[in-house]
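Visitor: Structure below; questions to follow.
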Amino acid sequence: MTALPRARKRFGQHFLEPAWVAKLLASLSPAPDDVFLEIGPGRGALTIPLAARVRRVIAVEIDRDLAGFLQQQLPPTVTVVQADFLEVDVNRLLAGENRPLRVVGNLPYNVSSPILFKLLHAAGHGRVLTDATLMLQKEVADRLSAAPGTADYGSLAIQVALLADVERVLTLPPGAFRPPPKVTSAVVRLRFRPPQVDVGSMDMFERVVRGVFLQRRKTLANALKPVADSFGRSAPELIAAAGLDGTKRPGELTLDEVARLSRAVL
């Protein structure tokens with residue numbers, strides 16, 4: 001019998017216990033014609049039962065030893081790609097698939113945000129990826145689903161809200177994993193779709209959001225100043241053009257208000 005590879009701290013590996021694998025699988029409601037992109041399959045605890053229920057699984061694993069182990073254990077309907085997902089060309093990875101894929105992943109907590117943004121950009125407004133069911137640190141899940149005016153609301157929530165609907169699926173205690181992490185985890189589902197509002201330019205929108213929310217405790221008039229200066233504009237000018245209240249704080253702005261601010265810069 002092949003020995004199970006050990007969890008590696010440098011990859012942030014925490015393997016899900018069987019009882020929680022069953023709950024995660026049930027939450028996916030996989031269909032026979034589904035194709036899944038799995039990020040971080042680990043030892044294949046989810047990959048194996050998922051592969052039995054869907055047409056194909058493309059599993060991206062950064063750990064060379066785990067990738068080699070998986071290739072010996074998994075059925076031919078699973079393609080194992082040994083790579084860092086952040087460095088993968090998603091379009092090339094999915095070449096040959098003529099329908100949108102679904103995503104599932106147990107994300108390393110130290111790189112969860114970059115992976116989230118990569119998925120948002122790769123989803124093609126739902127044409128390439130329909131949804132992503134992701135295991136994250138609970139604090140990140142809280143920030144993803146936060147509403148304007150709450151303590152967790154910030155640039156992550158507003159950038160995700162533009163391109164996806166967020167659903168909380170499960171909350172998992174540290175004991176759901178081996179080895180147990182030091183934090184509580186959560187499973188969220190992102191359903192990708194076209195933007196809810198016109199932001200003018202996606203690059204501009206992201207620059208405005210990140211710049212303004214760097215100083216979220218200041219008034220909008222003060223928080224916007226560095227961003228406005230970088231475009232050779234004034235904050236009062238942009239606020240007036242967007243029809244906003246400069247005494248508001250960034251954490252109180254709705255998606256529509258930030259979109260108006262982004263358009264005003266153009």
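The values are calculated or read from the model by the stated rules, or taken from the named source; none is laboratory data. Just so it is clear, the model here is predicted, and its values are computed rather than measured. Note: accessible area is taken over every heavy atom of the protein model, side chains too, but ligands, DNA and RNA are not part of it. Shrake-Rupley method; radii C 1.70, N 1.55, O 1.52, S 1.80 Å.
Visitor: What three numbers, in Å, describe the spread of the alpha carbons of the range 100-257 along their principal axes, ordered from the longest?
Guide: 53, 35, 22
Visitor: How much area per residue is accessible in the chain when the probe is 1.4 Å and only protein heavy atoms are counted (Å²)?
Guide: Accessible area per residue, the chain: 47 Å².
Visitor: Please report, largest first and rounded to whole Å, the three semi-axes of the ellipsoid equivalent to the range 48-126, where each semi-axis is the square root of five times an eigenvalue of the C-alpha gyration tensor.
Guide: 20, 17, 11
Visitor: Counting only DSSP beta bridges with both residues in the chain, what percent are antiparallel, rounded to the nearest 5?
Guide: So the antiparallel bridges in the chain amount to around 45 percent.
Visitor: Compute the relative contact order of the chain as a whole-number percentage, counting only Cα pairs closer than 8 Å that sit 6 or more residues apart in sequence.
Guide: Reported as a whole number, the value is 15 percent.
Visitor: Between the helical axis of 255-265 and the dominant principal axis of the chain, each derived from Cα atoms, what acute angle in degrees is found, rounded to the nearest 10?
Guide: That works out to roughly 60 degrees.
Visitor: Give me the log10 of I(q) over I(0) for the range 218-266 at q = 0.31 Å⁻¹, as the Debye formula computes it from C-alpha points; what are the numbers?
Guide: Taken in order of the listed q values, log10 I(q)/I(0) reads -1.34.
Visitor: Beyond 27 Å, what percent of the Cα pairs of the chain remain?
Guide: 43 percent
Visitor: Moving on. Could you work out which residue, out of L119, L86, L37, moves most in a Gaussian network model of the chain, that is, has the largest mean-square fluctuation with Cα springs under 10 Å?
Guide: Result for the chain, Cα springs under 10 Å: L86 fluctuates most.
Visitor: How large, in percent, is the carbon and sulfur part of the accessible surface of the chain at a probe radius of 1.4 Å?
Guide: 52 percent
Visitor: Find how much the distance from D165 to E139 grows on full extension, using 0.36 nm per residue of separation minus their present alpha carbon separation; answer in nm with one decimal.
Guide: Once the chain is fully extended between D165 and E139, it gains 7.6 nm.
Visitor: Step by step: find N for the range 171-221, compute 2.2 N^0.38 Å, then divide the Cα radius of gyration by it. What's the final number?
Guide: 1.83
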